[in-house]
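One structure, as structure tokens, below. Some questions next.
The values are calculated or read from the model by the stated rules, or taken from the named source; none is laboratory data. In this text, all values refer to a predicted model and were calculated from it rather than measured experimentally. In this analysis, Cβ positions are derived from the backbone assuming ideal geometry, glycine residues included, and neighbour counts consider all displayed protein chains.
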Amino acid sequence: MTSGIRFDAVSVAYGGTTVLDRLDLTVEPGEVMALLGPSGSGKTTALRAVAGFVRPAAGRVLIGDRDVTGLPPYKRGIGMVVQQYALFPHLRVEANVAFGLKARKTPKGEIPGRVAEALEMTGMVAYAHRYPRELSGGQQQRVAIARALAIRPEVLLLDEPLSALDARLRSGMLAELARLHRELPEVSILYVTHDQVEALTLADRVAVMDRARLQDCGTPQDLYRRPRTEFTASFVGNANLLPVTVGTGGVAFGETQLKVATDGVAPGAGATLCVRPHLVGLGDGPNALRGRIAEVQWRGSTHRLYVEVDGHRVKADVRELRETPPLGAEVTLHFAPDDAVLLGAGVSDG
């Protein structure tokens, strides 16, 4: 069987309110696709449509070559891990992992080997005889993943799987999920999260969603370095978004002329200039912006400077300064022409 997921103009509505609007998206076989967006963006609804927990009002959901739109969840060949783990508290770890296999009427002789394989893959063999209450949050999540993997799914659905963990455990589980993906290259993974770090760390591609619609899709590097919309620029990483007017030789930010690629935007048009704070330097250089210090934040290895320039706050992340400039001090910021991206007017509306 081939894996992979395809959303073919999928829409979902609740009580007349559209919560997923004509989603067209393909997850390639063996790919990790992250659905990234704020609460209410439609990302979890999209995952539930694949799982079979919601029925689309329009469109089709395909897993591999199969149209599964009308199939019940247990016939879709999927494994799913949710935020709260959903382990059975009265069952030991090995019984929790075996549950899906028994529900699918796997031959009894195969179940112990499949359970052992899934526990080995998730590093939980030593905990097979414990109850969920005897495990940490991270260990419970590993058991939930083992249960999903035991059925050898074509598709693995992960719905905010790390949001209940603390920062240290979350980092460790991200590394474990990346390792599992390397060991299961044939399994397609759809990963729902509102955390940009998780999406950028784990995914081969990221689908950015907002207001029930797909706003952007691409590799983590492309979305970070060359976002196509203002929403993507602001949601994937931190960004300076400055209103500019396009001229024949560059753009104008207030009274300041800047040299950046205009990428075919017509002269005279309004646009938004995007430049990441870590690419903004302190001192003279190309594309100089002069302003006054409004705020300084120490962030360990860097200082975040907020500088008022022509009525807008420009953020600059600079290496830790021996002496921080006082509030109100005049400073000059700069950025290289190639480090800025011009977003055409209106693109943020998706």
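Spot the failing condition for Arg213; the list is (1) under 22 Å from Glu28 (Cα atoms); (2) buried (at least 21 other Cβ atoms within 10 Å of the Cβ); (3) at pLDDT 95 or above, and only one is missed.
(2)
Report, ordered by the first and then the second residue, all pairs with beta carbons closer than 7 Å, sequence separation of six or more or different chains, a first member in region 234-251 that is free of Cβ contacts under 8 Å to residues at least 60 places away in the same chain and under 30 Å from His194 (Cα atoms), and a second member that is of a type outside the set (Phe, Trp, Tyr) and assigned to a loop (DSSP other than H, G, I, E, B).
Listed pairs, sorted by first residue: Gly237/Arg276; Ala239/Arg276.
Next question. Given Thr262, Thr272, which one is closer than 28 Å to Gln221 by Cα and in contact with a helix residue (DSSP H, G or I) (Cβ under 8 Å, 6 or more places away or on another chain)?
Answer to the check: Thr272.
Please state which one of Val115, Val155 is modelled with pLDDT of 90 or more and over 15 Å from Ala51 (Cβ atoms).
Val115
Continuing with the same structure: Would you confirm whether or not region 225-235 contains a residue that is out of contact with any His (no Cβ under 9 Å at 6 or more places or on another chain), assigned to a loop (DSSP other than H, G, I, E, B) and crowded, with 22+ Cβ neighbours inside 10 Å?
Yes: region 225-235 contains one or more residues that are out of contact with any His (no Cβ under 9 Å at 6 or more places or on another chain), assigned to a loop (DSSP other than H, G, I, E, B) and crowded, with 22+ Cβ neighbours inside 10 Å.
Also: Could you say whether any residue in region 123-144 is in contact with a Ser or Thr (Cβ under 6 Å, 6 or more places away or on another chain) and farther than 30 Å from Val10 by Cβ?
yes
Under 9 Å by Cβ, and 6 or more places apart or on different chains, what pairs join a residue from region 284-303 that is modelled with pLDDT of 95 or more and of a type in the set (Lys, Arg) with one that is part of a loop (DSSP other than H, G, I, E, B) and loosely packed, with under 14 Cβ neighbours inside 10 Å?
Listed by first residue and then by second, the contacts come to Arg292/Leu327; Arg292/Gly328; Arg292/Ala329.
In region 187-229, what residues are of a type in the set (A, V, I, L, M), within 9 Å of the chain's Cα centre (by Cα) and under 20 Å from Ser3 (Cβ atoms)?
Correct list: Val192, Leu202, Ala203, Val206, Ala207.
What are the pairs, 6+ residues apart or on separate chains, where a residue within region 181-193 that is assigned by TED's automatic domain parsing to the domain that holds Val27 and in a loop (DSSP other than H, G, I, E, B) has its Cβ under 9 Å from a residue that is of a type in the set (A, V, I, L, M) and surrounded by fewer than 21 Cβ atoms within 10 Å (Cβ to Cβ)?
Correct list of pairs: Leu184/Met121; Val187/Leu180.
Residue by residue through region 27-64, note down the ones that are in contact with a Leu (Cβ under 9 Å, 6 or more places away or on another chain) and of a type in the set (S, T, N, Q).
Of everything in region 27-64, those that are in contact with a Leu (Cβ under 9 Å, 6 or more places away or on another chain) and of a type in the set (S, T, N, Q) turn out to be Ser41, Thr44, Thr45.
For Met173, work out the one condition from (1) out of contact with any strand residue (DSSP E or B) (no Cβ under 8 Å at 6 or more places or on another chain); (2) farther than 26 Å from Ser39 by Cβ; (3) aliphatic (A, V, I, L, M); (4) surrounded by 19 or more Cβ atoms within 10 Å (Cβ to Cβ) it doesn't fulfil.
Failed condition: (2).
Here's another thing I want to ask about it. Could you tell me which of the residues Leu157, Leu162 is surrounded by 21 or more Cβ atoms within 10 Å (Cβ to Cβ) and either touching a His at 6+ places or on another chain (Cβ under 8 Å) or in a loop (DSSP other than H, G, I, E, B) (or both)?
After applying the criteria, what remains is Leu162.
Let me ask you something else. For residues that are more than 13 Å from Asn240 (Cα to Cα) and among the basic types (Lys, Arg), scanning just region 314-350, find the one that is modelled with the lowest pLDDT.
Only one residue tops the list, namely Arg322.
One residue is enough: does region 261-271 have a residue meeting the conditions modelled with pLDDT of 95 or more, closer than 22 Å to Pro227 by Cα and surrounded by 12 or more Cβ atoms within 10 Å (Cβ to Cβ)?
Checked region 261-271: no residue is modelled with pLDDT of 95 or more, closer than 22 Å to Pro227 by Cα and surrounded by 12 or more Cβ atoms within 10 Å (Cβ to Cβ).
Do the conditions hold for Glu134, that is, is it in the same structural domain as Val197 (by TED's automatic domain parsing), closer than 19 Å to Leu184 by Cα and acidic (Asp, Glu)?
It is false that Glu134 is in the same structural domain as Val197 (by TED's automatic domain parsing), closer than 19 Å to Leu184 by Cα and acidic (Asp, Glu).
Tell me, which residue of region 278-303 that is in contact with a Phe, Trp or Tyr (Cβ under 6 Å, 6 or more places away or on another chain) and assigned to a strand (DSSP E or B) is surrounded by the most Cβ atoms within 10 Å (Cβ to Cβ)?
Result: Ala294.
Which condition breaks for Val206 when tested against (1) buried (at least 24 other Cβ atoms within 10 Å of the Cβ); (2) aliphatic (A, V, I, L, M); (3) part of a helix (DSSP H, G or I)?
Of (1) buried (at least 24 other Cβ atoms within 10 Å of the Cβ); (2) aliphatic (A, V, I, L, M); (3) part of a helix (DSSP H, G or I), only one is false for Val206: (3).
To continue, here is another question. Here is a list: Arg92, Arg60. Which entry is within 27 Å of Gln139 (Cβ to Cβ), in the same structural domain as Pro153 (by TED's automatic domain parsing), modelled with pLDDT of 95 or more and surrounded by fewer than 19 Cβ atoms within 10 Å (Cβ to Cβ)?
Result of the check over Arg92, Arg60: Arg92.
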